[in-house]
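Each remark here refers to the structure printed beneath this line.
No lab work stands behind these numbers, since they all come straight from the coordinates. The model shown is predicted, which means the values in this text are computed figures rather than measured ones. Please note: Cβ atoms are built from the backbone with ideal geometry, for glycine as well, and neighbour counts cover all protein chains shown.
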Amino acid sequence: MNEAEKRQFLRQYLQSRSADREVAIDDAALDGYQPILDRIHLIERENPVFFARMTADPGRSPLLETILNSACNFDEGSPPVLRAIDDARLRMATRELELTTLPGCDYYARETTSPPDAALNDLIVASREKLRPIIESFAPGLNVANNEAVLAKIKEVEGRVKAAAAGSPEKALAEKQLTILQDLNKINRLTLIEIPQEGAPPRQYCVLAEAAAGVTEKVSLVPRGRPDRPDERSVDAQLRRLIAADDVTTLDQYHARRSGRPGPEGDTGFKLSMQAIIKLPKHGEVKEVQREAMALNVSRLLGLDTTDSTMVTHGGRPGLFVPFADIRLLNEVARGKTMQARLGSRGEYSHYSTINSVGAGLQANRFVEDFGNSLGLFYLCSDTDAIGGYNQNKALRGNHLFIFDQVIMADDKLGLDSRMSMQPISFITKHTRHDQGRNRTLIEDSSMDSKFASLMQLKAEQEKLLAYFTRVADGHQRKVIEIQDQLMRRDLDRDVRKGLEAQLKEVRLLRDDAVTLQTKVAERIRKIDDIFPRRDAGVGTELLKNTLVLEKLVNNPKLFAEDKRAYRNPWVNRNENRITNIASQPGGQYLVVTFKSAIPDDMLAMIRRNTHSGHSPIRRSDKEMYILIEDLQRLTESALLPEHHLQLNAATNYLDVRDLQVIQRAYDEGHRTRIIAAVQSYQDEMARLRATGANPREVCRLMSETEATLKGFIDPEKDQGFAMHVLKKFQFEQQRQLQQLMPEEQRTVQLNEAFSAALKLDRVEEFNAVVREAVKHDRLADGVFTAFLQRCMDDEATASAAPSAHFRAIELSRGLQEAATAAIVQLQQPVVREAVVLPVALEPVAPVVAVLREEDELAGVDPLEDQDDMLHREAEIFDESDRVFAQLGAAAVDEHTTEESQQQTVTVGGVG
């Protein structure tokens with residue numbers, strides 16, 4: 001709801017409260033009701049997800065009207081006269097309505113049904129007849145309408161597929177036969193199911209004979225669809241396409257058309273695939289379904305993008321209906337370290353995952369939104385399988401995290417630490433693959449700001465969260481009383497009584513579980529404060545967050561994992577040296593921060609150096625420091641790592657060896673000494689070249705050689721993180737040095753913007769290579785170079801604006817790599833300049849009279865004629881040079897051509 005829509009809503013609301021419902025309310029009159037508009041903004045700010053849900057139709061928002069009715073006090077009039085607004089009632093009504101409109105856990109109020117569907121049966125019969133002749137071509141005599149016969153044939157063909165050699169024609173043919181038989185089985189077994197919804201008409205699906213992945217029992221569903229309600233993925237649409245496919249009469253034709261593809265006239269395929277599921281409790285654990293339903297509601301209350309879901313009764317059991325959304329699983333955008341499932345097992349899983357870079361791997365992903373706002377949910381749920389061993393339990397919708405398959409646990413399996421990261425805390429099983437919280441790093445590798453805000457949100461929303469659990473428990477208690485009243489009747493049928501008693505036991509179990517979970521949630525929220533250091537009253541929430549950033553810096557964060565994956569934010573494996581106390585000082589300018597262990601001198605110096613503060617922090621004792629509050633407030637988690645920013649700072653020494661000596665300790669051994677020695681050698685040689693006024697070509701050659709040396713230290717057998725980190729620093733320093741080689745008027749704003757764009761697309765190495773060529777060949781104003789800079793900026797803007805920015809960025813990053821290669825080749829070519837003929841004014845030449853002896857070497861020589869001959873010869877030499885350069889291209893250009901060889905010396909008449 002935008003501002004204009006809010007004003008229009010308010011106008012309609014005031015008319016509905018007027019004695020004269022037709023009263024006209026102009027903009028001037030509407031301005032007198034600004035306090036109500038302010039409250040609408042307040043509701044939106046404090047409850048963004050609920051506000052968006054209740055104002056989805058801006059022209060009709062009855063829930064918002066209900067909230068305003070409960071809080072606004074009017075006197076009668078046309079329009080009514082606003083007397084007062086009760087903010088407490090406003091917040092209470094908002095909370096109550098938000099809780100009321102969440103999907104309920106009262107599954108017994110919604111039971112799935114399977115009404116007869118003659119039209120569906122007709123489609124099944126017609127589809128079966130379409131497939132019959134194709135199947136009879138390899139399975140003559142098979143009764144395609146008999147489910148048992150079809151299943152037996154499927155089992156037989158599966159055996160042939162397994163027995164056939166990989167890649168053989170026999171295997172390919174058997175696989176095609178198996179596919180069409182499995183499709184026939186799905187069609188034969190289609191049955192209609194109606195799924196009740198809360199406050200909406202039932203949804204119609206068909207049960208699909210297809211196994212859904214995972215350990216929980218699931219019912220696979222595909223939309224039923226109707227001719228008057230077209231849905232390309234529905235049973236109705238796909239079976240009609242199959243029946244009408246006159247060009248599908250052979251097995252190969254069926255296989256080619258089966259999957260289809262969307263086109264101008266719609267989809268052309270007829271492959272039935274799962275579009276929703278009903279999750280049922282495994283091993284009779286009915287609490288599991290409710291725990292997932294409640295976790296998804298907690299996610300909604302915290303404002304996260306969450307899957308639709310409805311708790312229903314299916315086959316006499318509680319189940320969770322979950323329709324699929326247009327999402328991309330995280331395993332498409334993330335990878336981690338491959339781990340062995342257990343000793344001696346061939347099974348593998350992923351752990352410590354990070355979001356993939358979009359290009360070469362030097363730059364962390366900046367196209368997927370930060371996940372830190374979800375930390376509170378994952379901590380509160382304590383679900384160690386929230387991400388999954390293959391990053392399959394969460395997804396991206398657009399560019400942000402999408403929540404599904406989430407459960408809130410009664411056991412405390414995940415705790416917090418001062419990094420605002422989760423830690424497995426089960427005493428016995430915390431190191432097992434199921435309880436170690438596989439790939440939780442995808443959430444933890446988020447900004448300190450967003451993670452801290454997420455935990456503070458839990459504390460701020462505690463009352464509402466606990467009220468939700470109370471609401472669930474109270475709903476079940478009402479059902480318990482209802483069943484108990486029914487059981488009081490003496491005329492109950494025995495089977496009915498038995499069913500009621502079983503349901504009573506089930507509902508009591510769910511009621512008690514909701515109370516248990518409420519207690520756990522309250523405990524977990526209370527424990528958040530346990531991860532923070534002691535502090536006095538003068539240290540507020542913001543300063544607390546700043547000191548946690550300081551703690552992270554003192555613990556020496558890094559930018560790369562040992563296998564050279566880039567972290568999205570500076571990363572610390574553990575905060576070994578924790579802050580234990582924060583004390584404000586008289587005057588309010590300084591804080592005294594006490595650490596668990598001694599603070600290294602070089603770390604203090606590095607913090608001062610990189611924050612440009614000469615006054616703080618300073619040592620008070622081995623474990624204590626003074627820090628100015630204003631210096632603390634300026635700290636960011638990347639303060640020590642300027643190369644983590646996208647912007648180049650011309651005043652920063654990115655290869656300060658003092659910094660490298662500290663940063664190396666964050667990584668395991670991996671040529672660290674040799675890398676630092678290579679950097680020192682580069683700096684010494686660069687200083688020498690600068691001092692001697694060396695040609696830019698020599699400087700660029702040094703850069704190329706050093707880059708190759710650093711890349712050679714990226715050793716898969718060792719920790720590759722430090723080598724990658726220094727290589728990234730080198731790219732920043734290289735760009736800074738290249739700009740110093742440029743004339744000042746050519747150091748454009750466009751150059752820095754293009755550098756940031758190429759960096760974001762993870763092509764900074766290629767960008768610097770292009771700039772080197774432009775500097776070497778003095779082509780900074782050349783159209784080839786300026787077009788490349790524009791290409792960088794345009795591609796980054798295109799990727800950032802894309803609905804699925806990560807995937808678009810990968811495409812554009814690859815294209816930018818190719819564009820850089822092409823630009824380098826073009827910049828290495830000699831510049832072809834058109835000859836310019838200028839008018840020459842000749843001075844009159846006085847005649848020369850000489851008496852020549854017969855032996856004189858110049859006897860008979862006409863100086864003017866000889867000069868004319870030499871000019872013609874010079875022209876021929878230039879023409880030949882152009883021809884040779886055209887043949888040899890870039891290879892004919894000698895990068896080390898001296899200035900003297902580029903000058904032309906012309907001798908006329910043998911006289912130099």
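Show me, bin by bin at 5 Å from 0, the whole-percent P(r) of the range 533-640 based on Cα pairs.
Over the range 533-640, the share of Cα pairs per 5 Å bin runs 2, 12, 24, 26, 19, 10, 5, 2, 1, 0 percent.
Taking +1 at the Cβ of each Lys and Arg and -1 at the Cβ of each Asp and Glu, which of CYS105, ASN649, ILE618 sits farthest along the dipole of the chain towards its positive end, judged by Cα position relative to the Cα centre?
CYS105
For the range 360-418, just say rounded, prolate or oblate: build the C-alpha gyration tensor, square-root its eigenvalues into a ≥ b ≥ c, call rounded for a/c under 1.5, and beyond that prolate if a/b exceeds b/c, oblate if not.
The shape class here is prolate.
For the range 118-282, report the translational diffusion coefficient in µm²/s to the nearest whole number, using Stokes-Einstein at 37 °C, 0.692 mPa s, and a Kirkwood Rh over Cα pairs.
For these conditions, the coefficient is 193 µm²/s.
With labels modelled as points extended 7 Å from the Cα through the Cβ direction, what inter-label distance (nm, one decimal) is found for THR338 paired with SER704?
3.6
Any idea what Rg and Dmax come out to for the range 395-516 if you just take the C-alpha atoms, in Å?
20.9, 64
Tell me, what is the FRET efficiency for GLU482 and ILE327 to the nearest 0.05, using R0 = 56 angstrom and their Cβ-Cβ distance as r?
That gives a FRET efficiency of 0.90.
Using only alpha carbons, build the gyration tensor for the range 3-101 and give me the equivalent ellipsoid semi-axes, biggest first, whole Å.
22, 15, 12
Using +1 at the Cβ of each Lys and Arg and -1 at the Cβ of each Asp and Glu in the chain, identify which of PHE713, TRP571, ALA84 lies farthest towards the dipole's positive end.
Going by the Cα projections, it comes out as ALA84.
Quick one: length gained pulling GLN750 to THR519 fully straight, 0.36 nm per residue minus the C-alpha distance?
77.4 nm
Which longest run of the chain has no exposed loop site in it, a site being GluC sites (Glu not before Pro) in a DSSP loop with at most 10 other beta carbons within 10 Å, and the site itself not part of the run?
After excluding every exposed loop site, the longest remaining stretch is 266-668.
Roughly what would the spin-label model give for GLU576 and GLU232, points 7 Å off Cα along C-beta, in nm?
5.6
So what's the Cα pair-distance distribution over the range 325-460, bin width 10 Å, in %?
Histogram of Cα-Cα distances, whole percents per bin: 12, 43, 35, 9, 1.
I need to check one value: relative contact order of the range 545-611, counting alpha carbon pairs closer than 8 Å and at least 6 residues apart, in percent.
Contact order relative to length: 25 percent.
Using a 10 Å Cβ count of at most 12 others and DSSP loop calls, identify the longest part of the chain lacking such trypsin sites (Lys or Arg not before Pro).
With a cap of 12 other Cβ atoms within 10 Å, the longest stretch comes to 61-341.
When only C-alpha pairs under 8 Å and at least 6 residues apart count, what is the relative contact order of the range 118-282, in percent?
21
With r defined as the distance between the Cβ atoms of ARG60 and ARG674 and R0 fixed at 56 Å, what FRET efficiency is calculated, to the nearest 0.05?
That gives a FRET efficiency of 0.20.
Give the calculated FRET efficiency between ALA650 and ASP31 to the nearest 0.05, with a Förster radius of 45 Å applied to their Cβ-Cβ distance.
The pair ALA650/ASP31 has a calculated efficiency of 0.35.
Relative contact order of the chain, please, whole-number percent, based on alpha carbon pairs below 8 angstrom and at least 6 residues apart.
7
Please report the orientation-averaged projected area of the chain, defined via the convex hull of its C-alpha atoms, in nm².
Its average projected convex-hull area is 64.1 nm².
About the Cα centre of the chain, what is the dipole size in debye to 20, counting +1 per Lys and Arg Cβ and -1 per Asp and Glu Cβ, all else neutral?
5880
Quick check: from the Cα gyration tensor, does the range 650-751 come out rounded (a/c under 1.5), prolate or oblate?
Cα axes put the range 650-751 in the prolate bin.
Using each residue's phi in the range 792-807, evaluate 6.51 cos²θ - 1.76 cosθ + 1.60 at θ = phi - 60° and report the 3J(HN,Hα) Karplus result to the nearest Hz, with x for Gly and Pro.
Karplus values, whole Hz, x for Gly and Pro: 4, 5, 5, 5, 5, 5, 5, 5, 5, 8, 6, x, 10, 4, 4, 6.
How big is the charge dipole of the range 325-460 about its Cα centre, in debye rounded to the nearest 20, if each Lys and Arg gets +1 on its Cβ and each Asp and Glu gets -1 on its Cβ?
Using only the charged Cβ atoms, the result is roughly 320 debye.
What is the spin-label model distance, in nm, from ASP493 to ALA172 if the labels are put 7 Å beyond Cα along the C-beta direction?
6.0
Just subtract the alpha-carbon distance of ASP602 and ALA410 from 0.36 nm times their residue separation and send over the number in nm, one decimal.
Gain on stretching ASP602 to ALA410: 64.6 nm.
Kindly identify the range 583-644 as rounded, prolate or oblate by the Cα gyration tensor criterion: order the square roots of the eigenvalues as a ≥ b ≥ c, call it rounded if a/c is under 1.5, otherwise compare a/b with b/c, prolate if a/b is larger, else oblate.
oblate
According to the Cα gyration tensor, what semi-axes, each the square root of 5 times an eigenvalue, does the equivalent ellipsoid of the range 465-531 have, listed from largest to smallest in whole Å?
35, 10, 6
Starting from the Cα-Cα distance between ASP449 and ALA502, subtract it from 0.36 nm times their residue separation and give me the gain in nm to one decimal.
The span from ASP449 to ALA502 would gain 14.2 nm if fully extended.
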